[in-house]
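Worksheet: one structure, shown below.
The values are calculated or read from the model by the stated rules, or taken from the named source; none is laboratory data. Note that the structure is predicted; figures quoted are calculated from it, not measured. Cβ placement follows ideal geometry from the backbone for every residue including glycine, while neighbour counts extend to all protein chains displayed. These accessible areas exclude ligands, DNA and RNA; they are computed on the full protein's heavy atoms, side chains included. Shrake-Rupley method; radii C 1.70, N 1.55, O 1.52, S 1.80 Å.
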Amino acid sequence: MSCSTFNVAVSLNLHGCNKNAVSKSIGFRHHTTFHKFSSLFFETLDLSSTNRSFLQHAPSRSFHSVFKCAAQNSQPSPSIGIDTENNSQRVTVLVIGGGGREHALCYALQRSPSCDTVLCAPGNAGIASSGNATCISDLDISDGASVISFCQKRGVGLVVVGPEAPLVAGLTNKLVKAGIPTFGPSAEAAALEGSKNFMKNLCDKYDIPTAKYKTFTDPSAAKQYIQEQGAPIVIKADGLAAGKGVTVAMALEEAYKAVDSMLVQGDFGSAGCRVIVEEFLEGEEASFFALVDGENAIPLESAQDHKRVGDGDTGPNTGGMGAYSPAPILTKELQSIVMDSIIIPTVKGMSAEGSKFVGVLYAGLMIEKKSGMPKLIEYNVRFGDPECQVLMVRLESDLVQVLLAACRGELNGVSLKWSPGSAMVVVMASKGYPGSYQKGTVIENLEEAEAVAPGIKIFHAGTAFDSEGRFIATGGRVLGVTAKGNDLEEACDRAYRAVENVNWPGGFYRRDIGWRALPQKQHSRKE
């Protein structure tokens with residue numbers, strides 16, 4: 001190998017490339033010889049432990065694909081209307097989290113012309129291997145001082161907090177106090193998700209349409225109220241419960257059991273010390289997202305999630321089994337009503353309460369069957385997952401500049417550009433989810449699945465590498481198989497073609513994502 005070839009190689013940031021593949025392709029006959037080369041090679045690169053692990057263990061790829069991925073990572077993204085000639089405008093971004101939502105955010109941020117580098121803490125194996133970000137697996141994101149120190153050392157110009165837990169715990173408060181621009185609400189504003197009782201009280205005070213409710217800490221009083229109201233009825237844990245603290249009870253006994261689970265048995269810990277008993281709303285659910293800068297809000301494209309685990313919206317609620325965008329149910333007229341009656345009053349109300357909201361406000365809506373009007377089911381204070389995945393593959397605006405505008409209170413007048421057509425994501429989950437499930441099952445054929453049609457991107461949520469360098473499942477929801485198409489039908493076909501090419505006996509997926517918009521599809525998938 002010539003010195004000039006070596007110099008070219010070490011100058012590239014080879015996220016997602018394989019040592020063994022390089023060894024074989026360059027022509028090293030013995031791995032021991034290659035390891036002498038590789039020790040110098042990888043010391044030259046600034047790689048996190050996660051990326052090092054990937055480079056050592058990832059499944060083999062061709063030499064061409066190794067250097068192709070390096071070249072892609074070293075080239076600037078195509079311009080989408082932002083002047084990036086001034087290098088001082090290019091920003092290092094740190095994404096906090098390690099799930100499918102964070103993978104999608106990294107993917108979109110990396111494409112931003114004003115983004116210099118994307119870092120993700122802790123990230124996951126799929127994020128590291130994709131080249132969408134450099135994973136910082138050893139940064140303790142629960143320790144605000146450590147995150148601040150890391151940002152200062154690496155010159156981070158924007159932090160994007162993905163999950164709700166660090167937001168509720170006050171990570172944004174600490175970062176903003178240290179002068180680090182952070183997209184995500186303060187702990188006080190994050191109470192919109194952290195406490196359903198807080199959210200409901202705000203709705204009462206500012207006339208925001210939501211389901212009728214009462215809050216209880218006493219199980220007997222809760223059951224008495226449930227008996228008076230009758231079934232169906234909804235029982236919710238007040239605090240954060242990872243998307244699992246909601247029971248839609250179709251019978252009284254089911255509702256009583258949910259109350260006991262939360263208030264007597266303590267199945268949700270402190271999150272279930274208080275419960276909200278809520279009227280059952282009949283209609284179609286939709287997800288509505290708005291970016292908020294404290295005073296102003298701009299809507300994102302519409303999306304619709306599938307919360308139930310089983311086909312035909314059956315079985316227990318989950319964190320989301322699939323989504324698509326746009327959602328036909330959210331017409332332009334309805335989006336305007338949501339902004340005027342729900343989003344803007346919430347933003348103004350939070351400001352009036354002294355807790356300005358900066359970040360993404362995710363309204364889970366019910367479009368009522370009787371009236372056709374939207375009611376607020378719940379708020380999340382971060383991007384929804386899997387909706388974030390279909391939104392980020394469609395976004396064409398410079399996400400870094402948009403999020404910085406939100407941090408600065410400058411969203412007024414900002415407009416977002418979206419790709420035409422549709423996108424769909426089908427979530428692949430571990431068998432048994434949302435109940436107990438086996439960890440460590442092997443997932444294969446992901447690269448081949450991504451290549452079966454144009455516009456496919458597989459986002460990783462719960463993956464790691466085993467000792468042989470294979471992807472394994474480490475969570476309940478594991479993969480978000482996402483596809484774009486000229487219309488929803490094409491996006492659906494592409495997504496399911498990719499899903500069916502993933503070799504994962506330990507996983508399962510719904511076969512009817514998008515069934516409300518494509519009813520003819522719901523029984524057409526192979527069993």
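3J(HN,Hα) along region 388-402, derived from phi through the Karplus expression 6.51 cos²θ - 1.76 cosθ + 1.60 where θ = phi - 60°, amounts to 4, 5, 6, 6, 5, 6, 8, 6, 10, 6, 6, 4, 4, 5, 5 Hz, with x in place of Gly and Pro. For region 297-306, the Karplus equation 6.51 cos²θ - 1.76 cosθ + 1.60, evaluated at θ = phi - 60°, returns couplings of 9, 10, x, 8, 4, 7, 8, 9, 9, 10 Hz by residue, with Gly and Pro reported as x. Tell me the accessible surface of K369 in square angstrom (1.4 angstrom probe, heavy atoms of protein chains only), to the nearest ten. Only protein atoms counted, so the area is about 150 Å². The simple spin-label model puts a point 7 Å past each Cα toward its Cβ; for M250 and K214 those points are separated by 2.6 nm. Protection proxy ranking of 295-302, 264-271, by the mean of other Cβ atoms within 10 Å over each peptide's residues and highest first, is 295-302, 264-271.
Rounded to the nearest 0.05, the FRET efficiency derived from the C-beta distance between E468 and K417 at R0 = 60 Å is 0.90.
Take the alpha carbon atoms of region 315-341, find their center, do the same for region 185-204, and report the distance between the two centers in whole angstrom. Value for the Cα centre distance between the two parts: 21 Å.
List, in the order given, every pair from K200/K257; K307/K370; K196/K457 whose Cα-Cα distance in the structure shown is over 26 Å. In this structure, K196/K457 lie more than 26 Å apart at Cα. Extension gain, E368-T92: 0.36 nm per intervening residue step, less the Cα-Cα distance, totals 95.0 nm. At the residue level, R274 shows approximately 90 square angstrom of accessible surface with a 1.4 angstrom probe and all protein chains present. Listed by chain and number, the aspartates and glutamates whose C-alpha is less than 13 Å from the C-alpha of K214, apart from same-chain residues fewer than 8 away, are D204, E228, D238, E278, E279. The distance separating the Cα centre of region 118-146 from that of region 433-469 comes to 18 Å. Just the protein heavy atoms count here, and of the accessible area of region 200-331 at 1.4 Å, carbon and sulfur take up 50 percent. For the residue pairs K375/K431; K174/K212; K348/K369, alpha carbon separations beyond 31 Å are given by K375/K431; K174/K212. Between A145 and D340, the modelled label-to-label distance comes to 5.2 nm, taking each label 7 Å out from Cα in the direction of the beta carbon. Residues C407, C115 ordered from highest to lowest accessible area at a 1.4 Å probe: C407, C115. Each of Q227 and N503 was given a label point 7 Å from its Cα along the Cα-to-Cβ line. The distance between the two points is 5.9 nm. Estimated at the nearest 10 Å², the accessible area of W418 is 50 Å² with a 1.4 Å probe.
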